[in-house]
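The values are calculated or read from the model by the stated rules, or taken from the named source; none is laboratory data. This structure is a prediction, so every number in the text was calculated from the model and none was measured. All Cβ positions, even for glycine, are placed from backbone atoms using ideal geometry, and neighbour counts span all protein chains on display. Quick note on the areas: whole protein, heavy atoms, side chains included, nothing else; ligands and nucleic acids left out. Shrake-Rupley method; radii C 1.70, N 1.55, O 1.52, S 1.80 Å.
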Amino acid sequence: MDLEHAETFGAIQPSLSSSQVGDFTDLLHRIDTADLMQMTSNTTESVWGDSYYPNSYLEMEKLEDSVKETTFADDMKPLSIHSVSLDKLSGVNNFNISFIECASPTHASSNSFYSTRLNKIFVKKQHAFSVNVAYSSAPFEKLRLRVMLVCAAPQDLQRPISRCQNDISKDPGAANDPHRDHILRCLNPSTIYVGTADGVAFHNRLATIIELNETGQQVVVPISMQFLCQNSCPTIERRPTALVFTLERPDGTICGRQMLHVKICSCPKRDKDKEEVKQEGGKRKKAIAEPAAVAEPPRKLTRQSSSNESGARMQFAQMPGVNERQRDSPLPSTSLVGRIKKEVDGAVVRSNSNVSTCSSTDGDGTAIIMSLKLPDIAVAVDVAEYAFMKVAANMVRCSNEEEYSRYARFLTSCRRVKSKYAQFL
């Protein structure tokens, strides 16, 4: 028996019987001779080549190298293996976005508001808003922008979002619209709508794609959009939402990603203020003003009896508007102001001393007695004269005798008060 490399197995004893030789031959056929071959200096090569061993050392080494490599640029993988992400990535293209404020950003009637503290847009349904897309690109580099609306909460990130049937039924043109499932609509020309209503993977999601044809170091392109559903619609169910902007190459490579939180609501200004207050930890506490030091209240002059006439004369002589002759003249039977009453400025004092009825004296339940604090005697006379003229005018317009007699009594009272104070002028 002439076997190649037979010396490897030792010398075959010729004295063996034919049956024993046959047993050794069967054994040799069952041995994996690849384990017995001497390897060359290059351990990755074999006598029969790499293609002979499907699980050779070379393939194992390549597999280990691929496992050891860290995917530091996971966002640069092909689009087909991507899931939706909210992580921001500027990339080498310096990709960024910014909200374009409306003409009156603080006016309550505006349709869109942006909160810097929340990085969030508040916008009405079916009202346009705009963002600036900034990027850098080399000459002849083709880029495109993909924009999609997603649920922002981690547990809802993979949930697809589409237009609700209620809004579709109210849209007269939805029946013939191939993009009727898209909530987000882009107003820029040459917009492409992609994805399906039940798409979960990144490339299957409903989205809009805008070709970015401009190149340069810092290119800014305005993008105008609007929404056709609100966060309260059944397909969103009041979940927090966000707009994801991705900068891509035509082959689907992700070059950058940015994100803006968004809320589509009927009252953007109100919701923006409420969420900002909530982020601050509750309602804004109104500043409690320290009570100002109470100045000494003015003194009020009241009537006093004739027993204190000397004190009354002294205080009457000090009143403004009283001349030399009036100081020496005798006081009237009811002297003015001998007692001092303190009163706070601006306070409304509701007491019988200021406003009261006189039903107990003359039987007129609608008559009013009022006490006024006036600056001097001359003003008191003018007030009494004006009251006299006002009552006289009402008396002239009376239609029955009873009302005429009633106003006549008040007219007499006004004349008496005017005469009492006019004597001091």
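H203 fails exactly one of the following numbered conditions: (1) over 14 Å from L145 (Cα atoms); (2) in a helix (DSSP H, G or I); (3) not aliphatic (A, V, I, L, M). What is the number of that condition?
Unmet condition: (1).
Give the residues of the stretch 211-224 that are surrounded by 12 or more Cβ atoms within 10 Å (Cβ to Cβ) and assigned to a loop (DSSP other than H, G, I, E, B), sorted by residue number.
If the condition is that a residue be surrounded by 12 or more Cβ atoms within 10 Å (Cβ to Cβ) and assigned to a loop (DSSP other than H, G, I, E, B), then N213, T215 are the ones that fit.
What number goes with the only condition from (1) within 21 Å of I254 (Cα to Cα); (2) modelled with pLDDT of 90 or more; (3) open to solvent by 60 Å² or more (accessible area, probe 1.4 Å) that R117 does not pass?
It is condition (1) that R117 fails.
Every residue in the stretch 258-287 that is over 18 Å from the mean Cα position of the chain (by Cα) and either open to solvent by 70 Å² or more (accessible area, probe 1.4 Å) or modelled with pLDDT under 95 (or both), please.
Listed by number, the residues that qualify are K285, K286, A287.
Would you confirm whether any residue within the stretch 180-191 is open to solvent by 20 Å² or more (accessible area, probe 1.4 Å), free of Cβ contacts under 8 Å to residues at least 60 places away in the same chain and either among the aromatic types (F, W, Y) or not in a loop (DSSP other than H, G, I, E, B) (or both)?
yes
Any residue in the stretch 159-166 that is in contact with a helix residue (DSSP H, G or I) (Cβ under 9 Å, 6 or more places away or on another chain) and within 24 Å of S90 (Cβ to Cβ)?
No: zero hits.
Answer yes or no as to whether D198 is in a loop (DSSP other than H, G, I, E, B), touching a Ser or Thr at 6+ places or on another chain (Cβ under 6 Å) and open to solvent by 20 Å² or more (accessible area, probe 1.4 Å).
So D198 fails the test.
If you take the residues in the stretch 383-405 that are open to solvent by less than 40 Å² (accessible area, probe 1.4 Å) and touching a residue at least 24 places away in the same chain (Cβ under 8 Å), which one is farthest from K373 (Cα to Cα)?
Selected residue: A387.
Which one of S162, S136 is under 22 Å from C229 (Cα atoms), in contact (Cβ under 8 Å) with a residue 40 or more places away in the chain and small (G, A, S)?
After applying the criteria, what remains is S162.
So in the stretch 235-251, with the set limited to residues that are closer than 25 Å to T215 by Cβ and β-branched (V, I, T), which one is surrounded by the fewest Cβ atoms within 10 Å (Cβ to Cβ)?
Checking each candidate, the answer is V244.
Somewhere in the stretch 142-154, is a residue aliphatic (A, V, I, L, M), over 24 Å from Y114 (Cβ atoms) and open to solvent by 30 Å² or more (accessible area, probe 1.4 Å)?
no
Any residue at all in the stretch 369-383 that is part of a helix (DSSP H, G or I), in contact with a Cys (Cβ under 7 Å, 6 or more places away or on another chain) and modelled with pLDDT of 80 or more?
Within the stretch 369-383, not a single residue is part of a helix (DSSP H, G or I), in contact with a Cys (Cβ under 7 Å, 6 or more places away or on another chain) and modelled with pLDDT of 80 or more.
Right, F227: open to solvent by less than 10 Å² (accessible area, probe 1.4 Å) and more than 25 Å from S169 (Cβ to Cβ) or not?
Taking the combined requirement at face value, the residue does not satisfy it.
Name the pairs: first residue in the stretch 86-97 and assigned by the TED database to the domain that holds D156 and surrounded by fewer than 14 Cβ atoms within 10 Å (Cβ to Cβ), second residue among the polar types (S, T, N, Q) and outside any strand (DSSP E or B), Cβ to Cβ under 9 Å, at least 6 apart or on different chains?
none
For a quick check of your reading of the model, give me the residue pairs whose first member lies in the stretch 252-275 and is in contact (Cβ under 8 Å) with a residue 40 or more places away in the chain and more than 18 Å from L212 (Cα to Cα), whose second is among the aromatic types (F, W, Y) and open to solvent by 50 Å² or more (accessible area, probe 1.4 Å), with beta-carbon atoms closer than 9 Å and at least 6 apart or on different chains.
Going by the 9 Å Cβ cut-off, the qualifying pairs are L260/Y114; K272/Y114.
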